[in-house]
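Following: one structure in structure tokens, then a few remarks.
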Amino acid sequence: QLQLAESGGGLVQPGGSLTLSCAASGNMFRTYLMSWHRQTPGKERELVATIANSDVVSYEHFVKGRFTISRDNAKNTVSLQMNDLKPEDTAVYYCKAFRGTRAFWGQGTQVTVSS
């Protein structure tokens with residue numbers, strides 16, 4: 001079992017940058033597929049980016065070229081570097097760990113992009 005805790009959210013102006021971090025406690029972190037998701041009120045949670053234990057990454061089209069996902073298996077962390085932020089990136093961002101039939105979520109961190 002993994003416990004996940006996100007941090008790094010906040011208020012940023014359009015065009016600005018933020019880095020989100022997700023710290024995992026538990027065993028076998030390196031075997032989990034890690035991903036970032038986001039959710040706004042009234043909408044379904046949506047996938048943002050994924051990183052496999054082999055460091056293969058994928059991004060949804062709306063963040064490609066602006067966001068970078070990375071992981072440090074020695075520190076049990078996964079990060080999301082967000083550049084050129086837009087008001088439509090405003091959401092609660094969640095970290096997820098997935099392996100086989102098991103999935104774990106963090107509590108989320110709020111990102112607000114506004115002038």
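The values are calculated or read from the model by the stated rules, or taken from the named source; none is laboratory data. Here the structure is a predicted model, which means the values were calculated and not measured. Don't worry about glycine lacking a Cβ; one is built from the backbone with ideal geometry, like all the others, and counts go over all protein chains shown. Accessible surface is based on the protein model in full, side chains and every heavy atom, while ligands, DNA and RNA are left aside. Shrake-Rupley method; radii C 1.70, N 1.55, O 1.52, S 1.80 Å.
Numerical summary
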| quantity | calculated |
| --- | --- |
| From phi via Karplus (6.51, -1.76, 1.60), per-residue ³J(HN,Hα) for the range 73-78 in Hz, x at Gly/Pro | 5, 6, 9, 6, 10, 9 |
| Mean-position separation - Cα centroids, the range 50-115 and the range 1-24, in angstrom | 8 Å |
| Share of carbon and sulfur in the accessible heavy-atom surface of the chain [1.4 Å probe, %] | 49 percent |
| Net charge, Ser114 excluded, C-beta distance under 12 Å - Lys, Arg +1, Asp, Glu -1 | -1 |
| Segments 40-49, 73-82, 101-110 sorted - mean Cβ within 10 Å per residue, highest first | 73-82, 101-110, 40-49 |
| The chain - percent relative contact order, Cα under 8 Å, separation 6 or more | 37 percent |
| Cβ-based net charge around Arg45, under 13 Å, with every Lys or Arg adding one and every Asp or Glu removing one | 0 |
| Cut-off 13 Å between beta-carbons: net charge of the residues surrounding Asp72, Lys and Arg +1, Asp and Glu -1 | +2 |
| Paired Rg and Dmax values of the range 1-86, which use every Cα atom, in angstrom | 13.1, 38 |
| Within the chain, percent of DSSP bridges classed antiparallel, to nearest 5 | 95 percent |
| Accessible area per residue, Å², the chain with all protein chains present, probe 1.4 Å | 53 Å² |
